[in-house]
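Comments concern the structure below.
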Amino acid sequence: MAVEFRRLIAAFGIRSCIETGTWSGGTTRTLRSMVLGRMTTLDTTTEHLLEDHGPGAVQELEAMGITLVLGNSKDTLAGVLAGYGDADFPVLCYLDAHGQGNPIREELAAIAGEPRCRDTSIIIIHDCLNPYRAFGYNWVDWGEGVGAEPLSYACLQHLVPAIFPGGHQVHYNDEAEGCMRGVCYVTPTRGNVT
């Protein structure tokens with residue numbers, strides 16, 4: 001993933017990053033090393049972070065210039081985006097908070113609600129069904145009486161045009177590492193993407 005992150009950050013002039021779903025902070029640290037601007041990570045707990053990195057883990061992130069916001073991303077992401085200055089955009093939004101209630105719909109609505117994200121930012125969805133590779137993915141139950149379905153671009157695509165009114169592109173990871181999960185990349189139609 002790191003190679004594709006770097007490529008997209010360069011192609012779209014990404015200045016800052018927001019991650020939902022910190023877990024133990026591995027992706028947080030990787031993204032911090034790639035963006036010069038602000039880096040914020042949102043999670044409902046520090047449990048996994050502290051388990052993996054010890055009692056000073058939050059302070060370690062702060063020393064790296066990473067802001068940790070505790071709370072459900074469906075309630076906190078809009079405020080974090082609003083707190084970013086104009087110089088912090090375009091922003092990469094790495095969405096990986098698929099646990100408690102799977103807030104990805106609300107996350108996409110928050111991104112759409114921030115005008116500075118429109119047609120400029122990148123959205124990366126982790127644990128997403130990759131229709132071209134046999135990588136792992138999450139299942140979601142939206143509570144609409146239809147049961148669980150794979151977390152996929154297909155079940156979210158109706159929300160994306162509000163973020164990219166000028167058009168967008170979707171592609172997936174060709175390779176996976178670690179837990180071998182699918183990743184969906186959603187980008188504006190502009191940029192030096194090959």
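Below are the figures for this structure:
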{"item": "Test set (1) farther than 20 Å from TYR185 by Cβ; (2) in contact (Cβ under 8 Å) with a residue 24 or more places away in the chain - GLY54 fails condition number", "result": "(2)"}
{"item": "Considering residues of the range 90-104 that are modelled with pLDDT of 95 or more and open to solvent by 10 Å² or more (accessible area, probe 1.4 Å) only, the residue nearest to ARG38 (Cα to Cα)", "result": "PRO90"}
{"item": "Selection within the range 1-21 - open to solvent by 10 Å² or more (accessible area, probe 1.4 Å) and assigned to a helix (DSSP H, G or I)", "result": "ALA2, VAL3, GLU4, ARG6, ARG7, ILE9, ALA10, ALA11"}
{"item": "Failed item, numbered, when ASP119 is tested on (1) within 14 Å of the chain's Cα centre (by Cα); (2) open to solvent by 10 Å² or more (accessible area, probe 1.4 Å)", "result": "(1)"}
{"item": "Complete set of residues in the range 84-108 that are farther than 23 Å from TRP23 by Cβ and not acidic (Asp, Glu)", "result": "GLY85, ALA87, PHE89, PRO90"}
{"item": "Inter-residue pairs, beta-carbon under 9 Å, first in contact (Cβ under 8 Å) with a residue 24 or more places away in the chain and closer than 21 Å to TYR132 by Cβ and in the range 158-182, second hydroxyl-bearing (Ser, Thr, Tyr) and open to solvent by 60 Å² or more (accessible area, probe 1.4 Å), 6+ apart", "result": "GLN169/THR189; TYR172/TYR132; ASP174/TYR132; ARG181/TYR137; GLY182/TYR137"}
{"item": "THR30 being surrounded by 14 or more Cβ atoms within 10 Å (Cβ to Cβ), free of Cβ contacts under 8 Å to residues at least 40 places away in the same chain, more than 16 Å from LEU95 (Cα to Cα) and of a type in the set (Ser, Thr, Tyr)", "result": "no"}
{"item": "Residue selected from the range 73-89 under the condition assigned to a loop (DSSP other than H, G, I, E, B) and open to solvent by less than 20 Å² (accessible area, probe 1.4 Å), by the criterion farthest from LEU42 (Cα to Cα)", "result": "PHE89"}
{"item": "Test: GLU60 is surrounded by 13 or more Cβ atoms within 10 Å (Cβ to Cβ), in contact with a strand residue (DSSP E or B) (Cβ under 7 Å, 6 or more places away or on another chain), acidic (Asp, Glu) and not in a loop (DSSP other than H, G, I, E, B)", "result": "no"}
{"item": "Residues within the range 36-49 that are in contact with a Leu (Cβ under 7 Å, 6 or more places away or on another chain) and open to solvent by less than 20 Å² (accessible area, probe 1.4 Å), tallied", "result": "3"}
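The values are calculated or read from the model by the stated rules, or taken from the named source; none is laboratory data. Worth saying up front: this structure is predicted, and the values here are computed from it rather than measured. Reconstructed Cβ throughout: ideal geometry from the backbone, glycine too, with neighbour counts over all protein chains shown. Side chains are part of the model used for accessible areas, which takes the heavy atoms of the whole protein and leaves out ligands, DNA and RNA. Shrake-Rupley method; radii C 1.70, N 1.55, O 1.52, S 1.80 Å.
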